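Data block below; observations after.
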Ligand SMILES: NC(=O)c1ccc[n+]([C@@H]2O[C@H](COP(=O)([O-])OP(=O)(O)OC[C@H]3O[C@@H](n4cnc5c(N)ncnc54)[C@H](OP(=O)(O)O)[C@@H]3O)[C@@H](O)[C@H]2O)c1
């Protein structure tokens with residue numbers, strides 16, 4: 001019988017490719033969704049849908065019943081306290097219920113800047129606490145400390161402008177979500193991937209500005225890439241009382257200071273190195289647009 005894996009966050013930008021890859025690789029994929037009708041409209045008929053919320057333990061008991069594994073791809077925020085509520089406590093709820101239901105494997109999307117020295121930043125603190133809750137549960141887990149995803153470049157384009165927020169000086173190994181999804185799926189197959197914290201990086205390092213210019217030259221030729229200081233976005237967020245804009249400003253201030261950390265060689269040896277280049281990925285985006 002096919003093993004069942006629950007995906008939490010399957011409607012999201014990065015959770016969706018994981019759900020699709022797991023299905024392609026032969027798993028029965030169950031989707032935890034706050035709104036299953038919307039989730040089904042996005043993902044289609046190949047998945048089982050369970051209504052639930054990571055803050056609601058009884059919905060997690062229902063969703064995790066009979067599962068071999070669970071993949072967690074949550075987004076906290078936009079307010080600082082939401083990172084703790086959703087990403088830390090939500091993941092801890094999943095881990096606790098997973099243990100009681102005999103789930104054999106958890107995988108979790110953390111980040112390549114998730115280090116104790118960065119715990120002053122609410123998102124990092126919540127991720128560190130989520131990781132600890134997963135480890136403490138005793139369920140074997142694989143933690144993916146992923147660098148910046150190519151998919152997030154599309155979020156910098158609004159109309160006929162592409163915007164870099166802040167100086168963003170750090171070279172980053174841009175990663176395609178499809179490569180990450182394949183690594184997650186492989187990890188569920190491999191006993192050696194249990195209880196590992198793996199850094200995952202794409203093949204080539206480019207600054208945010210270099211990456212956005214490359215992406216735009218292929219997907220949106222003619223679009224102008226400009227940059228805006230972080231304080232301008234911060235001010236817009238404050239004046240408009242928009243927590244999403246304030247959150248992006250805070251994130252960009254953080255990424256201006258902090259680059260990616262860690263060494264991807266263990267992940268590459270175990271799960272295969274991500275190979276999709278930014279140019280290849282951008283051409284795929286252009287061709288499927
Ligand atoms: N972008 C990058 O370059 C990058 C790099 C490394 C790590 N990450 C991490 O990736 C994560 C964001 O992933 P994403 O871009 O895929 O996010 P996203 O598109 O915003 O999706 C978030 C998902 O979380 C679900 N969710 C939120 N609150 C929930 C709750 N209370 N109960 C159940 N489900 C809930 C959402 O479900 P609904 O459909 O119900 O809203 C949605 O499916 C963040 O943790 C970020 O730190 C991102």
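Just so it is clear, none of the values below were taken in a lab; they were calculated from the coordinates. Please read these numbers as outputs of a predicted model, since none were measured by experiment. Glycine gets a Cβ as well: all are built from the backbone with ideal geometry, and neighbour counts include every protein chain shown.
Worth pointing out:
- Helix 15-24 axis, angle to the chain major axis (alpha carbon atoms, nearest 10°): 50
- Relative to the dominant Cα principal axis of the chain, helix 208-219 is inclined by about 90°.
- Subtracting the Cα-Cα distance of residue 161 and residue 280 from 0.36 nm times their residue separation leaves 40.6 nm of extension gain.
- Distance between the range 160-184 and the range 43-57 - C-alpha centres, whole angstrom: 28
- Projected over every direction and averaged, the convex hull enclosing the alpha-carbon atoms of the range 115-226 yields 8.5 nm².
- Put in line by how crowded their Cβ is, counting other Cβ atoms within 10 Å and starting with the fewest, 30, 89 read 89, 30.
- Calculated Rg and Dmax of the range 165-289 using C-alpha coordinates, Å: 17.3, 51
- Fraction of alpha-carbon pairs over 18 Å apart in the range 239-286 - percent: 64
- Per-residue ellipticity at 222 nm from helix content only, as computed over the chain with -39500 (n - 2.57) for each DSSP H run of at least four residues, stands at -13000 deg cm²/dmol.
- Temperature 20 °C, viscosity 1.002 mPa s: under these conditions the Stokes-Einstein estimate for the range 1-79, based on its Kirkwood radius over C-alpha pairs, is 172 µm² per second.
- Equivalent-ellipsoid semi-axes for the range 42-170 (Cα gyration tensor, √(5λ), whole Å, largest first): 29, 19, 13.
- Contour excess over end-to-end distance, with Cα ends at residue 240 and residue 75 and 0.36 nm allotted per residue: 57.1 nm
- The Rg/Rh ratio of the chain, with both radii computed over alpha carbons and Rh defined as the Kirkwood radius, is 0.96.
- Axis of helix 89-100 versus longest Cα principal axis of the chain: the two differ by about 20°, to the nearest ten degrees.
- Candidates 244, 256, 87: whichever shows maximal mean-square fluctuation once the chain is modelled as a Gaussian network with Cα springs under 10 Å: 244
- Once Rg and the Kirkwood radius are both taken over the C-alpha atoms of the range 203-267, their ratio Rg/Rh works out to 1.07.
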